[in-house]
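Novice: Please see the structure below; I have some questions.
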Amino acid sequence: AGIAGENISGIEIRVFEENNANIVPTTPTGNYKIIQAPFISQLGKYPTGCESVTAAMALNYAGVNISVDKFIDTYLDKSGIPFDPNLTFGGNPRLAHSYGCYSPVIKKALDRALSGKNYTAKILNNIPLETLCSKYIDKEIPVIMWATMYMNPPYIGSTWTFNGKTIQWVAPEHCLLLVGYDDNHYIFNDPMQPQALTYYSKSSVEAAYKGLFSQAVVILKDSTPPETIVD
């Protein structure tokens, strides 16, 4: 999604290198788990569409054949700016000068896309990354997760008032699909990349995840055992 409403590629590349994120698949080390989930890149067509692209990857993995365009045009609640990222996507995912949205917006869109399909979307708040891995990744359930682009340190990019509420936009906000881990990394299908399986150091992911309020969403079969579901 947007970096304070801007798309500054030069800074993105520099931070990307500093965080040692691999732009090509890497061989995992030690104890590892990787879910082979479908990959979709947002590059080019969806400059601020990371949430929608990630949601489409998760839906496709669950067996729901849906395009990113269908998700954006039919299911995603969008609005102008200023906005509340817990209520709508701010702007247009196809435009660079837009923002993004948080987990309640994606959960609502997923509920619409999953209607009648024996799946349910569940918001996960303040769940440790290790728990996300043990409860979901180890059970072949990828996790839609909020963090920052390239796991860059988060900062307040913009502030505005909407319906009497002060909104502080955390930049560079990003959403990506957690699909695995090894001893030193969390592994993602990152829509900001041209291919699947991007490795980020665990420490950088933990900081970025916390900076975006430790929010995530999973798609669960209605028959998922209760012990798999965390609150």
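Novice: Once every DSSP H run of n ≥ 4 in the chain is given -39500 (n - 2.57) and the sum is divided by its residues, what mean residue ellipticity at 222 nm do you get, rounded to the nearest 500 deg cm²/dmol?
Specialist: About -6500 deg cm²/dmol.
Novice: Compute the longest continuous run of the chain that contains no exposed trypsin sites (Lys or Arg not before Pro); treat a site as exposed when its DSSP state is not H, G, I, E or B and it has at most 14 other Cβ atoms within 10 Å.
Specialist: Numbers: sites that count: LYS45, LYS117.
Between exposed loop sites, the widest span is 118-231.
Novice: Given Cα pairs under 8 Å that are at least 6 residues apart, what percent is the relative contact order of the range 154-204?
Specialist: Working: 73 pairs, mean separation 11.6, N = 51.
Computed over the range 154-204, the figure is 23 percent.
Novice: Okay, moving on. How much accessible area per residue does the chain have, in Å², with a 1.4 Å probe? Please list the in-between numbers first.
Specialist: Details: 9710 Å² over 231 residues.
On a per-residue basis, the chain sits at 42 Å².
Novice: Another question about this same structure. For the chain, modelled as a GNM with alpha-carbon contacts under 10 angstrom, which of LEU220, LEU178, LEU76 fluctuates the most?
Specialist: In this elastic network of the chain, the residue with the biggest mean-square fluctuation among LEU220, LEU178, LEU76 is LEU220.
Novice: While we're on this one: Going down the table (LYS107/LYS135; LYS78/LYS221; LYS70/LYS108; LYS33/LYS210; LYS70/LYS135), which pairs top 21 Å between alpha carbons?
Specialist: Working: LYS107/LYS135 19 Å; LYS78/LYS221 27 Å; LYS70/LYS108 15 Å; LYS33/LYS210 23 Å; LYS70/LYS135 30 Å.
Table pairs above 21 Å Cα-Cα are LYS78/LYS221; LYS33/LYS210; LYS70/LYS135.
Novice: Looking only at Cα atoms, what is the convex hull volume of the chain per residue, in Å³? Numbers along the way, then the final one.
Specialist: Working: hull volume 25.6 nm³, N = 231.
Normalising the Cα hull of the chain by residue number yields 111 Å³.
Novice: Probe radius 1.4 Å, ligands and nucleic acids ignored: give me the carbon and sulfur share of the accessible area of the chain as a rounded percent. All intermediate terms of the calculation are to be shown ahead of the outcome.
Specialist: Details: 4980 of 9710 Å².
The C+S portion of the solvent-accessible surface of the chain is 51 percent.
The values are calculated or read from the model by the stated rules, or taken from the named source; none is laboratory data. Every value quoted in this text rests on a predicted model; they were computed, and no experiment measured them. So basically every Cβ, Gly included, is an ideal-geometry build from the backbone, and we count neighbours across all protein chains shown. Side chains are part of the model used for accessible areas, which takes the heavy atoms of the whole protein and leaves out ligands, DNA and RNA. Shrake-Rupley method; radii C 1.70, N 1.55, O 1.52, S 1.80 Å.
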